[in-house]
Amino acid sequence: MSESFDVPPKRPPAPTDKAKRPDKPSPAKRESATNKSLRLVEALSALMHGDFSRRLRGQEGVPRDVAEAFNALAQQLDSSTREFSRVARVVGRDGDMTARVETHDWSGSWVVTGDAFNALIGDLVRPSTEVARVITAVASGDLSQKMALEIEGKPVRGEFLRIGATVNTMVDQLNAFANEVTRVAREVGTEGKLGGQAHVPGVAGTWKDLTDSVNGMATNLTTQVRGIAGVVTAVANGDLSKISWSKPRARFWS
């Protein structure tokens, strides 16, 4: 029988110094990486502080894909800011109530922001347009128009509600005053009903002064007509003592 001998397993080679310790970047490479990071941080800081004109170039050492992404973001911020400023100027200063932010080249949250801005303009413009419509109608003598306090099925609130209620109160007072003046003029002047007075509830200030002036005029007319009627009746009955020879206060001819 042949003898067998156990062969001891081979040991793996001892690691060399190079395998134990990976290569460290050279000082030049570390400085280059630091400079790249600093350029990117400076550009992001400028963007954060509102400088949307900053751009990164490939020769600055920043990776190309990072530079392109940064430049695209800066371009979007710059163009959206310009668009918002344009619409604010056109609507606020030029008075073009139809101007809106163009969002057809935008996507995602940029579109949401643009739509919210446009909705804000619409909410501000509609009550203003209503006020202008009613005031134009009143200036043209149409006192039947009033400001709608509900727009597109939604009630107006806050300051818009206060303005709308004020405009409608103004129209109501104008309408009541005009109706009362017309009624008194018709009764006294056309129908011969003396003693007519205008009654406009809730009036104050200039409206009350105007109402009092109309009532004073109607009272004076009534007094004069009744006085003339009394004199005429007395003369017709042969009583000439009622005739007054005092100088008239005014005359209606020149």
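The values are calculated or read from the model by the stated rules, or taken from the named source; none is laboratory data. Everything quoted here is computed from the prediction, not taken from an experiment. Don't worry about glycine lacking a Cβ; one is built from the backbone with ideal geometry, like all the others, and counts go over all protein chains shown. Just the protein is used for accessible areas: all its heavy atoms, side chains included, with ligands, DNA and RNA removed. Shrake-Rupley method; radii C 1.70, N 1.55, O 1.52, S 1.80 Å.
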Original post:
What number goes with the only condition from (1) assigned to a helix (DSSP H, G or I); (2) open to solvent by 60 Å² or more (accessible area, probe 1.4 Å); (3) under 27 Å from S85 (Cβ atoms) that T166 does not pass?
Top reply: (3)
Original post:
Do any residues in segment 149-166 that are more than 15 Å from R133 (Cα to Cα) and without any contact (Cβ under 8 Å) to a residue 60 or more places away in the chain have Cβ atoms under 8 Å from those of residues that are open to solvent by 70 Å² or more (accessible area, probe 1.4 Å) and assigned to a strand (DSSP E or B), where the two are at least six apart or on different chains, and which pairs are they?
Top reply: V156/E150; L161/P155
Original post:
Within the bounds of segment 215-231, is there any residue that is at pLDDT 80 or above and among the basic types (K, R)?
Top reply: no
**OP:** State which residue pairs qualify: first residue closer than 11 Å to G114 by Cβ and part of a helix (DSSP H, G or I) and inside segment 75-88, second residue modelled with pLDDT under 95 and open to solvent by 40 Å² or more (accessible area, probe 1.4 Å) in any location, beta carbons under 8 Å apart, and separation of 6 or more residues or different chains.
**Re:** S80/W110; S80/T113; E83/E102; F84/F117; V87/R100; V87/F117
Subject >> Those residues of segment 148-162 which are open to solvent by 60 Å² or more (accessible area, probe 1.4 Å) and not in a loop (DSSP other than H, G, I, E, B), in sequence order >> reply: E150, K154, P155, E159, F160, L161, R162
Subject >> Test: T211 is open to solvent by less than 50 Å² (accessible area, probe 1.4 Å), hydroxyl-bearing (S, T, Y) and either within 25 Å of L149 (Cα to Cα) or within 40 Å of the chain's Cα centre (by Cα) (or both) >> reply: yes
